[in-house]
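Following: one structure in structure tokens, then a few remarks.
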Amino acid sequence: MHTVFHPAQLEHNPAREFLDGAWIDYLESSRRPRMILDAIAQAQLGPVIAPDDFGLAPIRAVHAGHYLDYLQSAYDRWIAAGRSRDGVYPDTFYKPGFLHRPGGIGGQAGLYTFDLSTPITASTWSAAYWSAQSALTAARLVRDGAPAAFALCRPPGHHAHADLCGGYCFLNNAAIAAEYLAQHPTPPDSPLPTSEIGSREWGVGSRRIAILDVDFHHGNGTQAIFYRRSDVLFVSLHADPDRQYPYFMGGSDERGEGEGEGFNWNYPLPAGIDDARYLATLDEACARIAGFAPRYLIVSLGVDTFGGDPLGDFALTGSAFPRIGACLAQLKLPTVFIMEGGYAIEQLGANVAGVLSGFARG
Ligand SMILES: [Zn+2]
């Protein structure tokens, strides 16, 4: 299995974030991808390649142009306004009902950001851009016939909405990959199998994408982006938002809207859930995906479900991760793995490589 990664993804290094009432060292650190790369080499999973540059168009297919302009210019505008060189940290957040849309950087930071763990620094745009390009490159590998590929996305993406950053996420890599596959389901010059040319399923059916999010936290951004779509199924296993971040999305009653009704499935889970109960829920989620009969599977791969994770409260052991990979392999779908969270730094590489090795062994 190919892993896709660009060195610019290491350059985003905020010093701190605000968590549980205190400033702490930034947990989404550049040590994370280094640990994962080491574990992938040790597990002899396959080559690590640099992403190709697909440009901004596939990112614009998911994110609002005014939000992308903000991400690219925010740090320079922040510094020009005489604010802290540590990065763009909003101090006031927009809420529904507020009437004014500020033009200045202070207000815009609060308009486009929903927490204090997602500061924009001088290197953030470049890191997020190449993280998205890694996702696109992995998606194209799979579209072109690879059974699976791993985008070592960092910064992660699943909390980012079309026009909002939060939860360490700036660009929604899984959504960008899904939209790319929805728009480019087969290579332009490859003939369709004869059996599919006359099939009524060709068209909508052939473009169906399933996104399975196994990060500890609900993938609120991905859900929001596809909430009114029936061609992209979003299924997420995560901590109950009554208890955990991102708090305002992730309930089991969120099933999609309009045409998308019935194409969004959330499995909020209790604290302390163990391997057996987690894997039983994953089986249920996989059955739902199989029933949707997608052409491709995208996995938002977070391993902050691990029992020792500083941001989680599940109790998964290291041996759960190869079993998660094996469970996903049973779907027998071309699969793009997109890296999301995981902060137990010493076990992070082994847990990620565990999922990918478990999948590869099938
Ligand atoms: Zn997470």
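The values are calculated or read from the model by the stated rules, or taken from the named source; none is laboratory data. Bear in mind that the values here come from a model prediction, so they are computed numbers and not experimental data. Ideal geometry is used to build each Cβ from the backbone, glycine not excepted, and the neighbour counts take in all protein chains shown.
Structure above, values below:
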quantity: Positions within the stretch 13-48 being exposed (fewer than 14 other Cβ atoms within 10 Å of the Cβ), closer than 23 Å to Gln244 by Cα and not aliphatic (A, V, I, L, M), in sequence order; calculated: Phe18, Asp20, Gly21, Trp23, Asp25
quantity: Check on Tyr112, aromatic (Phe, Trp, Tyr) and surrounded by fewer than 23 Cβ atoms within 10 Å (Cβ to Cβ); calculated: no
quantity: Looking only at the stretch 225-275, and only at residues there that are touching a helix residue (DSSP H, G or I) at 6+ places or on another chain (Cβ under 9 Å) and part of a helix (DSSP H, G or I), the one that is farthest from the ligand (Cβ to nearest atom); calculated: Gly260
quantity: Residue match in the stretch 66-77 (condition: of a type in the set (S, T, N, Q), more than 16 Å from Ile338 (Cα to Cα), assigned to a helix (DSSP H, G or I) and modelled with pLDDT of 95 or more); calculated: yes
quantity: Any hit, the stretch 55-64, residues being in a helix (DSSP H, G or I) and touching a residue at least 12 places away in the same chain (Cβ under 8 Å); calculated: yes
quantity: Subset of the stretch 128-175 [part of a helix (DSSP H, G or I) and among the basic types (Lys, Arg)]; calculated: Arg140, Arg143
quantity: Residue check for Asp274: surrounded by fewer than 15 Cβ atoms within 10 Å (Cβ to Cβ), touching a residue at least 40 places away in the same chain (Cβ under 8 Å) and within 21 Å of the chain's Cα centre (by Cα); calculated: no
quantity: Residues satisfying the stated conditions in the stretch 338-350, i.e. more than 13 Å from the ligand (Cβ to nearest atom) and within 17 Å of the chain's Cα centre (by Cα); calculated: none
quantity: Hits in the stretch 282-336 - residues which are closer than 17 Å to Glu346 by Cβ and surrounded by fewer than 19 Cβ atoms within 10 Å (Cβ to Cβ); calculated: Gly307, Gly308, Pro310, Thr317, Gly318, Ser319
quantity: Qualifying positions in the stretch 307-333 - part of a loop (DSSP other than H, G, I, E, B), out of contact with any Leu (no Cβ under 7 Å at 6 or more places or on another chain) and not hydrophobic (A, V, I, L, M, F, W, C); calculated: Gly308, Asp309, Gly312, Asp313, Thr317, Gly318, Ser319, Gln330, Lys332
quantity: Every residue from the stretch 31-52 that is farther than 17 Å from Ala149 by Cβ and charged (D, E, K, R); calculated: Arg31, Arg32, Arg34, Asp38
